[in-house]
Amino acid sequence: MEALYQRWQYEKSRKCGRPDIDARWAKLPQEMKDINVTVRDVYRKRREDLYLALKDRVEREDASESSKAALMDMLRIAYESNQVSGPYFPLSRSDNYYVTVYNPDGEASELLLREK
């Protein structure tokens with residue numbers, strides 16, 4: 001219940017700042033607005049592509065259906081809980097991503113994702 005109250009408080013404060021943000025946005029040159037929208041959409045698509053690649057990798061893994069279902073649940077929860085409200089623009093990104101999946105025999109398989 002406390003988390004719900006905190007979320008409500010957060011949304012109230014966001015709405016208070018909205019008119020100022022809208023006024024500032026309206027003053028931006030169209031070229032800057034276009035860049036902002038393009039970058040926002042690229043990061044959104046990149047995040048979605050990462051999720052779909054991980055999902056596909058889990059589905060192709062040689063593991064039991066119950067193990068796959070458990071991994072998919074964990075992946076979905078992690079994906080949904082890491083969504084941010086509003087646009088996301090990372091300041092920097094230098095790490096590589098990886099996922100380790102274990103088959104029923106305990107052998108590990110890894111999927112490595114490197115930054116371009």
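The values are calculated or read from the model by the stated rules, or taken from the named source; none is laboratory data. It should be emphasised that the depicted structure is a prediction, and the values quoted were computed from it without experimental measurement. Every residue, glycine among them, receives a Cβ derived from its backbone with ideal geometry; neighbour counts consider all protein chains shown.
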(1) within 21 Å of ALA108 (Cα to Cα); (2) without any contact (Cβ under 8 Å) to a residue 12 or more places away in the chain all hold for LEU4 apart from (1)
Selection count, region 11-50, where residues are touching a Pro at 6+ places or on another chain (Cβ under 9 Å) and loosely packed, with under 10 Cβ neighbours inside 10 Å: 0
Is it the case that region 39-49 has a residue that's aliphatic (A, V, I, L, M) and either under 30 Å from ALA26 (Cβ atoms) or touching a Gly at 6+ places or on another chain (Cβ under 9 Å) (or both)? yes
If LEU54 satisfies every condition in (1) in contact with a helix residue (DSSP H, G or I) (Cβ under 7 Å, 6 or more places away or on another chain); (2) surrounded by fewer than 11 Cβ atoms within 10 Å (Cβ to Cβ) but one, which is the exception? (2)
Could you grab me the full set of residues in region 65-80 that are of a type in the set (A, V, I, L, M) and either under 13 Å from TYR43 (Cβ atoms) or modelled with pLDDT of 85 or more (or both)? ALA69, ALA70, LEU71, MET72, MET74, LEU75, ILE77
Considering only region 81-104, I want to know if a residue exists there that is modelled with pLDDT of 80 or more and either assigned to a loop (DSSP other than H, G, I, E, B) or not basic (Lys, Arg) (or both). no
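I'm trying to understand the selection: among the residues of region 55-71, which are closer than 21 Å to GLY106 by Cβ and part of a helix (DSSP H, G or I)?
ARG57, VAL58, GLU59, ARG60, GLU65, SER66, SER67, LYS68, ALA69, ALA70, LEU71 - these are the residues of region 55-71 that are closer than 21 Å to GLY106 by Cβ and part of a helix (DSSP H, G or I).
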Looking only at region 1-20, and only at residues there that are within 24 Å of the chain's Cα centre (by Cα) and hydrophobic (A, V, I, L, M, F, W, C), the one that is modelled with the lowest pLDDT: ALA3
Restricting to region 57-81, count the residues that are loosely packed, with under 11 Cβ neighbours inside 10 Å and among the hydroxyl-bearing types (Ser, Thr, Tyr). 2
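Would you confirm whether any residue within region 13-26 is assigned to a helix (DSSP H, G or I), of a type in the set (Phe, Trp, Tyr), in contact with a helix residue (DSSP H, G or I) (Cβ under 9 Å, 6 or more places away or on another chain) and farther than 26 Å from SER81 by Cβ?
Yes, region 13-26 contains at least one residue that is assigned to a helix (DSSP H, G or I), of a type in the set (Phe, Trp, Tyr), in contact with a helix residue (DSSP H, G or I) (Cβ under 9 Å, 6 or more places away or on another chain) and farther than 26 Å from SER81 by Cβ.
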